Every structure is written in structure tokens, then in C-alpha cells.
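The values are calculated or read from the model by the stated rules, or taken from the named source; none is laboratory data. Fair warning: this is a prediction, and the values are worked out from it, not measured in the lab. Cβ coordinates were reconstructed from backbone atoms using ideal geometry, including for glycine residues, and neighbour counts include every protein chain displayed.
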Amino acid sequence: MIFWTLQEAEGDLLGLLTTPNQPYLAEAEIQRCAQMKIEKRRREWVLGRITAKALLTSEGLPFAGQPMNSLLIENHPEGAPYIANQANPGNLSISHRERVAAAAYTEFSTMQVGIDLEKIEPRAMSFVEDFFTQAEAAYTNNLSGEAQQVWITLVWSAKEAILKAWQKGLRLDTRSIEIQPVEPEHLLTRSDEWQPLAWQANISGFPLCWAGFRRWNEFIITLAYSLPESKNPVLSPDIHRVQLSNFPDINEISAA
């Protein structure tokens, strides 16, 4: 099973770290945050970390009931986050953009997950030319208006999610993955269900992945998972959304 969540936050996230005996980040995470020079980056990073920890410590998950600051989330050299101080950490993926963060987790060590969150906004065609395959770019030119913006955002987000599930991130050429066309009516549909994506790999040596997407407000969320040891087609996974009841109320803390 894959557990995932989406969290929107307003207010001073960095202020959470100044509360007495703050229960959110481990000391090593506070030190890493302090080394980030750009405040926007620090805010998004903190939101991503707290969202992931709220997911991991929710009821029904392996770390339920543990203090958030007892979990140390670090990053592999290629960028993938992992729980560094637990015997059976499972696999974790985090994405954040502006005031929103998403996280996905599976307790199965043989399953890799990747989640990505992107804001739907205009992008220059030079972006498409640099990162899309010829077929993806050709389909982009067949679309217009909102459908084109959603398609460009979806393709980029799906590539990121699959590369995360491959544990490679953007170290691989994004054109090594080709997303198959999605009908305009599906691009414009807001649904609470994951819509599966068809795609192909233009390189060999990487595991099969399931990938899907959904729209939420002005964002696209994509999710991918792989089973590295399996040679069979990857079926749609059991995906469960967790509503966070333990995410800190920033406004309430600020008023205290």
C-alpha cells in the first residue's frame, strides 16, 4: 500500500522552529535549514519535512504516536529523502511548491515511490524544446489555452515522479521518459481519483513503473511507484490518502 497526503499551509512556518522545545524537526534538520540562504527555500523545505512527518506519524502508519522530531529525514546523494534513524524505514518521497507540500510513503523496502507537485502556470515553448521528446512537443503544439498549460505541467511533473521512483531524480535526461498523450477533457477534469498515465522509457536498465495523476486547484500531482525486482507489468497500486489531523496549526501557535 502507498500512503500519501497533501497539505496547504499559511503563516510563518519558520516561526515553528523558534517555539520552546519545538516538536517538529530533529536537531540535524534545524542545522540544515539554517544553512539555506534563500528564505523561500527554507519555508518550502520546512513545510515538506513537517508534512512528511505528519504523514509518517499518523494513525495506521508504522511511526504512529512517535514525536515528529524523533524522526530524522535525510537525503541520498541523488536527492531522494529517507528516514535515517529507524530500523525499518520503508521508502519516502516529498514534493513542495510555494505553500503546498505532498508526501508519499510505503513501508515495503522493495517498492520505490515518487510524488511530484507542480503549479499549473504558463511556460515558454523553449522549456518544451529543452525537456520534452519530439512526440511530447508535437502534442503540445496541438493543444491550446488551459489544456496546453495543464499538459506541459503534467508531462514535467510525471517525468519527475518517475525519475524519483527510479531513485535518479533529474540526473537523467528528462527525454529518457516519454509521456503518451492525454485527451483534453481528461486534462481539464478535476477528480478525487488517480488517472493512470501511459508512458514509455527510451533507455533500458530501469524497472517498470505505474504512474498516475490528479488535479487539485491550480496544481498537478503525480505519483509513481516501481518494483525493481519484478519483471511483470506493474499494476495500479492500493493508494490511500491520509488526512492529517496532527499537522500544526500555525495561526494558533503564532497567537499563543
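Screening the candidates Lys168, Lys159 for the property of being among the charged types (D, E, K, R), surrounded by 14 or more Cβ atoms within 10 Å (Cβ to Cβ) and more than 23 Å from Ala124 (Cβ to Cβ) yields one hit, Lys168. Of Glu121, Glu129, Glu146, all but one fail to be over 21 Å from Trp210 (Cα atoms), more than 12 Å from the chain's Cα centre (by Cα) and assigned to a loop (DSSP other than H, G, I, E, B); the exception is Glu121.
Every residue, every condition in (1) outside the structural domain of Glu107 (by TED's automatic domain parsing); (2) in a helix (DSSP H, G or I); (3) touching a residue at least 12 places away in the same chain (Cβ under 8 Å); (4) surrounded by fewer than 10 Cβ atoms within 10 Å (Cβ to Cβ), yes or no:
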site: Gly15; (1), (2), (3), (4): no, yes, yes, no
site: Pro23; (1), (2), (3), (4): no, no, yes, no
site: Ile30; (1), (2), (3), (4): no, yes, yes, no
site: Arg43; (1), (2), (3), (4): no, yes, yes, no
site: Ala52; (1), (2), (3), (4): no, yes, yes, no
site: Leu55; (1), (2), (3), (4): no, yes, yes, no
site: Leu61; (1), (2), (3), (4): no, no, yes, no
site: Ala64; (1), (2), (3), (4): no, no, no, no
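Taking the stretch 174-197 as the range and being within 20 Å of the chain's Cα centre (by Cα) and over 10 Å from Lys159 (Cα atoms) as the test, the residues that pass are Leu187, Arg190, Ser191, Asp192, Glu193, Trp194, Gln195, Pro196, Leu197.
With respect to being acidic (Asp, Glu) and either assigned to a strand (DSSP E or B) or in contact (Cβ under 8 Å) with a residue 60 or more places away in the chain (or both), Glu10 fits the description.
Checking each residue in the stretch 194-216 for being outside any loop (DSSP other than H, G, I, E, B) and among the aromatic types (Phe, Trp, Tyr) picks out Trp199, Trp210, Phe213, Trp216.
No other residue among Arg215, Arg171, Arg241, Arg190 is more than 24 Å from Arg49 (Cα to Cα) and basic (Lys, Arg) apart from Arg190.
Residue-by-condition table, conditions (1) surrounded by 14 or more Cβ atoms within 10 Å (Cβ to Cβ); (2) of a type outside the set (A, V, I, L, M, F, W, C); (3) not assigned by TED's automatic domain parsing to the domain that holds Asp173:
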{"position": "Ile83", "(1), (2), (3)": "yes, no, yes"}
{"position": "Asn88", "(1), (2), (3)": "no, yes, yes"}
{"position": "Glu98", "(1), (2), (3)": "yes, yes, yes"}
{"position": "Ala102", "(1), (2), (3)": "yes, no, yes"}
{"position": "Glu107", "(1), (2), (3)": "yes, yes, yes"}
{"position": "Asp130", "(1), (2), (3)": "no, yes, no"}
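What about Trp210, is it in contact with a Cys (Cβ under 9 Å, 6 or more places away or on another chain), more than 24 Å from Glu98 (Cα to Cα) and in contact (Cβ under 8 Å) with a residue 12 or more places away in the chain? Answer is no for this residue. Given the structure, is Ile120 at pLDDT 95 or above, buried (at least 18 other Cβ atoms within 10 Å of the Cβ), within 19 Å of Ile221 (Cα to Cα) and touching a strand residue (DSSP E or B) at 6+ places or on another chain (Cβ under 7 Å)? Against the criterion (at pLDDT 95 or above, buried (at least 18 other Cβ atoms within 10 Å of the Cβ), within 19 Å of Ile221 (Cα to Cα) and touching a strand residue (DSSP E or B) at 6+ places or on another chain (Cβ under 7 Å)), Ile120 qualifies. Cβ-Cβ distances below 9 Å connect the following pairs, each with a first residue in the stretch 215-232 that is modelled with pLDDT under 85, a second residue that is hydroxyl-bearing (Ser, Thr, Tyr) and surrounded by fewer than 19 Cβ atoms within 10 Å (Cβ to Cβ), and a separation of six or more residues or different chains: Leu227/Thr110; Pro228/Thr110; Glu229/Thr110; Ser230/Thr110.
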